[in-house]
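See structure below.
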Amino acid sequence: MVKFMQIDAVVFDLDHTLVIDHHLELDVLRTFMQSNHLKNASDSELLSALQSFRTGKEPMEKALGTLFKRLGAPKSKELVGQWRSAVLKEAPRRIEVLPGASEVLLALKKRGTPMGIFTNGWHDLQAIKVAALKWDGIYVVSEAIDAWKPAKIAFERALLLLNFNPATTLYVGDAPEADVVGAKNAGMLAAWLNCEKHNYPPGLLKPDLTLNRLQDLLELLPESD
């Protein structure tokens, strides 16, 4: 299939594609609640608040501020700032570069392949993850462009900053809806990274490529002339 595609650039998702943070935000939130003597909350309730700002439904200050207020915090806005600081302090110890990520990025760089990273999330945390990769290229964080995957406009704004042609740019990510469907709707090519060999969800736009390892990308993409 690849030999019939023209791929001039590659854009990578970040979380669970190039790095993992081992549930950093959730774990710090649990500890933070205990240290501030807040009411108990289920993991599903905490994850719902985190997911609300991770996907752009609400700003972080509103999503977590509402949660802290509901759990009995008298100064919820101040606690949001303290939680942010705690996450950033812990992040360098928790972020792990995934197998093959550095190898693939270095190999594509040596080939001269134009590359970028586009990730959902908040900028300060994602910047630490990018630094762990020793990435010196352009990266785009959804918070900075005020648009979040899988929205078409999010990919369009990212591509504009990267100056890549969507029709010949391959987006590589692990999330079928946020990454594959989002990229396809924006006119891009899409590769689904399926390291755990899940079945692709029925009814969604299908990827152009499926990768069982990130390193497989090097075998599928041609060497530069």
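The values are calculated or read from the model by the stated rules, or taken from the named source; none is laboratory data. Every value quoted in this text rests on a predicted model; they were computed, and no experiment measured them. Ideal geometry is used to build each Cβ from the backbone, glycine not excepted, and the neighbour counts take in all protein chains shown.
Just one of the numbered conditions (1) modelled with pLDDT of 90 or more; (2) surrounded by 15 or more Cβ atoms within 10 Å (Cβ to Cβ); (3) out of contact with any Asp or Glu (no Cβ under 6 Å at 6 or more places or on another chain) is not true of residue 33: (1).
Counting only residues that are part of a loop (DSSP other than H, G, I, E, B) and either under 15 Å from residue 16 (Cβ atoms) or not assigned by TED's automatic domain parsing to the domain that holds residue 153 (or both), region 176-208 holds 5 of them.
With respect to the conditions (1) assigned by TED's automatic domain parsing to the domain that holds residue 142; (2) assigned to a helix (DSSP H, G or I), residue 6 falls short on a single one, namely (2). Just one residue in the set 65, 112, 137 is in contact with a helix residue (DSSP H, G or I) (Cβ under 9 Å, 6 or more places away or on another chain) and either among the aromatic types (Phe, Trp, Tyr) or within 30 Å of residue 211 (Cβ to Cβ) (or both); that residue is 137. All conditions in (1) under 30 Å from residue 38 (Cβ atoms); (2) in contact (Cβ under 8 Å) with a residue 12 or more places away in the chain; (3) of a type outside the set (Ser, Thr, Tyr) hold for residue 81, with the sole exception of (2). Identify, please: which residue in region 109-141 is among the small types (Gly, Ala, Ser) and out of contact with any strand residue (DSSP E or B) (no Cβ under 7 Å at 6 or more places or on another chain) and is, among those, farthest from residue 184 (Cα to Cα)? Checked region 109-141; the qualifying residue farthest from residue 184 (Cα to Cα) is 131. Pick from region 57-109 the residues that are in contact with a Phe, Trp or Tyr (Cβ under 9 Å, 6 or more places away or on another chain) and part of a loop (DSSP other than H, G, I, E, B): which of them is modelled with the lowest pLDDT? By that ranking, first place goes to 75. Among the residues in region 39-56, are any part of a loop (DSSP other than H, G, I, E, B) and under 20 Å from residue 178 (Cα atoms)? Yes: region 39-56 contains one or more residues that are part of a loop (DSSP other than H, G, I, E, B) and under 20 Å from residue 178 (Cα atoms). On inspection, residue 15 qualifies as closer than 23 Å to residue 189 by Cβ and of a type in the set (Asp, Glu). Among the residues of region 45-59, some residue qualifies, meaning at least one is exposed (fewer than 15 other Cβ atoms within 10 Å of the Cβ), more than 20 Å from the chain's Cα centre (by Cα) and not assigned by TED's automatic domain parsing to the domain that holds residue 151.
Applying the selection to region 12-67, what residues are touching a residue at least 60 places away in the same chain (Cβ under 8 Å) and of a type in the set (A, V, I, L, M)? Passing the criteria: 14, 18, 19, 20, 24, 28, 60.
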